[in-house]
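Remarks on the structure that follows.
The values are calculated or read from the model by the stated rules, or taken from the named source; none is laboratory data. Note that the structure is predicted; figures quoted are calculated from it, not measured. So basically every Cβ, Gly included, is an ideal-geometry build from the backbone, and we count neighbours across all protein chains shown. These accessible areas exclude ligands, DNA and RNA; they are computed on the full protein's heavy atoms, side chains included. Shrake-Rupley method; radii C 1.70, N 1.55, O 1.52, S 1.80 Å.
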Amino acid sequence: MADRREPLSQAAMEAALKDLPDWKLQDGLVTVFKTSTAADALALIAAIGQIAEEQNHHPDLDWRYNRVFLRYVSHDAGGQVTQRDVAAAAAVSETAAVSGALAQPDRYPGV
């Protein structure tokens, strides 16, 4: 098995994205989750924080009222996407779906 901290190849990244419909590749794995209220967004952020602590892998995160902007890269892999990022993104998507948040990856700001 490959090291979970090694950057993914382009082929591996394309395969991973097929299983991550809530995410897109833009200088990392990025997405936006829209919730019904600001309080729901804060609850989602708390759940994401719990995932981050459990996995010891933390996203870049921005909160704007009822939207949560997320970006996963592995800083210890030179800012590249690794299997750790893919696993974290999948766990966050699952949690967001349970909470009723709507994924809007195209709302993530352009570079």
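So, with +1 on the Cβ of K and R and -1 on the Cβ of D and E, and no other charges, what is the size of the charge dipole of the stretch 6-58 about its Cα centre, to the nearest 20 debye? Intermediate values should be presented prior to the final figure.
Working: 3 positive and 8 negative charges, 42 e Å.
Value, rounded to 20: 200 debye.
List the chymotrypsin sites (Phe, Trp or Tyr not before Pro) within the stretch 1-65 that fall in a DSSP loop (any state other than H, G, I, E or B) and whose Cβ has at most 14 other Cβ atoms within 10 Å. Before the final figure, lay out the partial values.
Numbers: sites: W23, F33, W63, Y65; in loops: W23, Y65.
Of the chymotrypsin sites (Phe, Trp or Tyr not before Pro), the ones in loops of the stretch 1-65 whose Cβ has at most 14 other Cβ atoms within 10 Å are Y65.
E54 contributes about 130 Å² of solvent-accessible surface, heavy atoms of the protein only, 1.4 Å probe. When the chain is treated as a GNM with alpha-carbon contacts under 10 Å, the residue of V98, V86, V32 showing the greatest mean-square fluctuation is V98. Computed from Cα atoms, the angle from the helix 38-55 axis to the main principal axis of the chain rounds to 30 degrees. On the protein heavy atoms, probe 1.4 angstrom, tell me the percent of accessible surface of the chain carried by carbon and sulfur. Looking at the chain in its full context, I get 51 percent from C and S. Distance distribution P(r), the stretch 57-111, all Cα-Cα pairs, bin width 10 angstrom from 0: 21, 54, 24, 1 percent. For the chain, the relative contact order comes to 39 percent (Cα pairs under 8 Å, sequence separation of at least 6).
Charges were assigned to the Cβ only: +1 to each Lys and Arg, -1 to each Asp and Glu. The resulting dipole of the chain about its Cα centre is roughly 280 debye.
Solvent exposure of the chain amounts to 55 Å² per residue of accessible area, where only protein heavy atoms count and the probe is 1.4 Å.
For the stretch 54-111, the relative contact order comes to 22 percent (Cα pairs under 8 Å, sequence separation of at least 6). For the chain, build the charge dipole from Cβ charges (+1 Lys, Arg; -1 Asp, Glu) around the Cα centre, then report which of A91, A38, P7 sits farthest towards its positive end. Checking the options against the dipole of the chain, the answer is A38. Under the simplified labelling scheme, the L17-W63 pair shows an inter-label distance of 3.0 nm, with each label point 7 Å from Cα along Cα→Cβ.
Run the numbers for E54 and A97: contour at 0.36 nm per residue of separation, minus the present Cα-Cα distance, in nm. Can you show the working numbers first?
Working: separation 43, 0.36 × 43 = 15.48 nm, distance 1.89 nm.
13.6 nm is the gain from fully extending E54 to A97.
For the chain, the share of alpha carbon pairs falling in successive 10 Å distance bins from zero is 15, 50, 29, 5, 0 percent. In this structure R64 has an accessible area near 130 Å², from a 1.4 Å probe over the protein heavy atoms.
Between S74, S36, S93, the residue with the greatest mean-square fluctuation in the GNM of the chain (Cα pairs under 10 Å linked by springs) is S36.
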